[in-house]
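Here is the structure we will look at, set down as structure tokens.
The values are calculated or read from the model by the stated rules, or taken from the named source; none is laboratory data. Fair warning: this is a prediction, and the values are worked out from it, not measured in the lab. Glycine also receives a Cβ, built like all others from the backbone with ideal geometry; neighbour counts cover every protein chain displayed.
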Amino acid sequence: MPSLIQAPAPALDDLEAQAAFFQANSYVALPNLLSRGQVARLNEAIDRDRERHPFMWYCEGQRDYNCNLLLTEPLFEITIRQPHVLALVERLMGGAFCFEELSVRHTEPSHEARPTGWHRDRPHWLEHPLHLDYPQVIYYLTDVDEGTHCFTISPEPAEGEVLDKAGQLERGGTVYFYGQAGSAILFNAAALHGVTIRETERHRRIVQVYYGHPQRPCLSEVTLIPPRLWRDHPDPEVRRFYGKINRYNRLMRQAMEIAAVTGPERKKAVRQRLLYLHAATPSIRAQVIGIAQHEPVRGSVTQITTEGQEWPYATVHDAVVDGWQVIQFPDQRAPFDDREIDILGYEFILQQLEEYDE
Ligand SMILES: [Fe+2]
């Protein structure tokens, strides 16, 4: 099969033609999907982030690769929830799908050409009608042609037999994907693909976005999703879309103590802490001579002591200053010679209301 230098592409507004092309080839080109303005702003965001947060860019000799632009440059959301891509992915996936990974790559000029680094990101999911587990979209942020590095794919029928590299290249040939900045290509990450490095003075920038099925294993452990998307976004569908939690996100949320829910939906419960203070006289400024504290925790032990020297409060007034509220005062008319009062003094009951997450 001859090599093609330019991927054929159905019209951008013809979803069914694109789905049919994908079914036959496991990819579909989406020329000029992003506007010039969007491309310019995304490139500015990359420049800004490489300058401000160089430590966030993984290195292959250069600061060239970052999977966490959602943390610092929210603009990149336009590449993830690009309306046409979402519609096409939904059509191909056949139901609900969710976000998996965002990565941005800046590939520097090269003094030498290198052959295509053919690989499959993940195996095919053979139970899916299109054998599609993880669709991936790549956007070009720089013009790509014969004189630049370029994404390359070997077309294969979506439901066809999975061949080894040599067999697939023999059957499907090679497509070098060229396009202006803003062009995109959607493909099955299980299809045989790679980057072709050319001897060139020009750098290349791409954005890669992966999607997945909600119930399937996570694609990767590299992209952190900020709470503004999975927890605080006003649209529940967006929260669901960003709600697939890989191990990296789970670990970070636990370590950083990021609550799963906030705002009105957060179920706050109130429980009552009780403090019994026994004072020498009915005055709130009298010396405390006994104390009992009841913590509202199942299984907690109530400490009653009349001898402790390390009481938190010397007087009831001290406790009030510390935020306790008196909810019962001692009976001022109690006979002073009452044996119990002799021993325990005058009992004040105080409370603090404590909020906790249900
Ligand atoms: Fe890949």
Does Val89 meet the test of being among the hydrophobic types (A, V, I, L, M, F, W, C), within 15 Å of the ligand (Cβ to nearest atom) and under 30 Å from His203 (Cα atoms)? no
Would you mind finding the one in Ala292, Ala269, Ala255, Ala280 that is away from the ligand (no atom under 16 Å from the Cβ), over 30 Å from Leu92 (Cβ atoms) and under 24 Å from the mean Cα position of the chain (by Cα)? Ala255
Looking at (1) part of a loop (DSSP other than H, G, I, E, B); (2) modelled with pLDDT of 75 or more; (3) of a type outside the set (A, V, I, L, M), can you tell me which one Ser300 breaks? (2)
Which count do you get for residues in segment 253-270 that are within 19 Å of Leu229 (Cβ to Cβ) and at pLDDT below 85? 8
Give me the residue from segment 104-141 that is among the β-branched types (Val, Ile, Thr) and within 22 Å of Lys244 (Cα to Cα) and, out of that set, farthest from the ligand (Cβ to nearest atom). Val104
So Pro234 passes all but one of these: (1) modelled with pLDDT under 95; (2) in contact with a strand residue (DSSP E or B) (Cβ under 9 Å, 6 or more places away or on another chain). Which condition number does it fail? (2)
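Just give me the residues in segment 275-292 being among the hydrophobic types (A, V, I, L, M, F, W, C) and farther than 16 Å from Leu344 by Cβ, in sequence order.
The one that is among the hydrophobic types (A, V, I, L, M, F, W, C) and farther than 16 Å from Leu344 by Cβ: Ile284.
Using the structure shown, decide if Gln325 is at pLDDT 75 or above, more than 30 Å from Tyr242 (Cβ to Cβ) and out of contact with any Ser or Thr (no Cβ under 7 Å at 6 or more places or on another chain).
Working: at pLDDT 75 or above: yes; more than 30 Å from Tyr242 (Cβ to Cβ): yes; out of contact with any Ser or Thr (no Cβ under 7 Å at 6 or more places or on another chain): yes.
Answer is yes for this residue.
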Give the residues of segment 127-149 that are under 25 Å from Asp164 (Cβ atoms) and modelled with pLDDT of 95 or more, sorted by residue number. His128, Pro129, Leu130, His131, Leu132, Asp133, Tyr134, Pro135, Gln136, Ile138
The one condition in (1) outside any loop (DSSP other than H, G, I, E, B); (2) surrounded by fewer than 17 Cβ atoms within 10 Å (Cβ to Cβ); (3) in contact (Cβ under 8 Å) with a residue 24 or more places away in the chain that Glu221 fails to fulfil: (1)
Could you check segment 347-358 and list, in sequence order, the residues that are modelled with pLDDT under 90 and under 20 Å from Leu275 (Cβ atoms)? Gln352, Leu353, Glu354, Glu355, Tyr356
Has segment 204-212 got any residue that is away from the ligand (no atom under 16 Å from the Cβ) and either among the small types (Gly, Ala, Ser) or assigned to a loop (DSSP other than H, G, I, E, B) (or both)? no
Give all pairs with beta carbons closer than 7 Å in which a residue from segment 34-49 that is more than 18 Å from Asn68 (Cα to Cα) meets a residue that is in a helix (DSSP H, G or I) and modelled with pLDDT of 95 or more; count only pairs at least 6 apart in sequence or on separate chains. Gln38/Ile78
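Residues Glu221, Glu170: which one is among the acidic types (Asp, Glu), at pLDDT below 95 and more than 14 Å from the ligand (Cβ to nearest atom)?
Glu221
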Is there any pair with a first residue in segment 192-206 that is in the same structural domain as Tyr134 (by TED's automatic domain parsing) and a second that is β-branched (Val, Ile, Thr) and within 16 Å of the ligand (Cβ to nearest atom) whose Cβ atoms are under 6 Å apart and which are 6 or more apart or on different chains, and what are they? His193/Ile153; Gly194/Thr116; Gly194/Thr152; Thr196/Thr116; Thr196/Thr152; Arg204/Thr107; Ile206/Ile138
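Considering each of Phe55, Phe22 in turn, give the residue that is touching a helix residue (DSSP H, G or I) at 6+ places or on another chain (Cβ under 7 Å) and either hydrophobic (A, V, I, L, M, F, W, C) or within 30 Å of Ala158 (Cβ to Cβ) (or both). Working first, answer last.
On the way: Phe55 fails: touching a helix residue (DSSP H, G or I) at 6+ places or on another chain (Cβ under 7 Å).
None of the others qualify; the one that does is Phe22.
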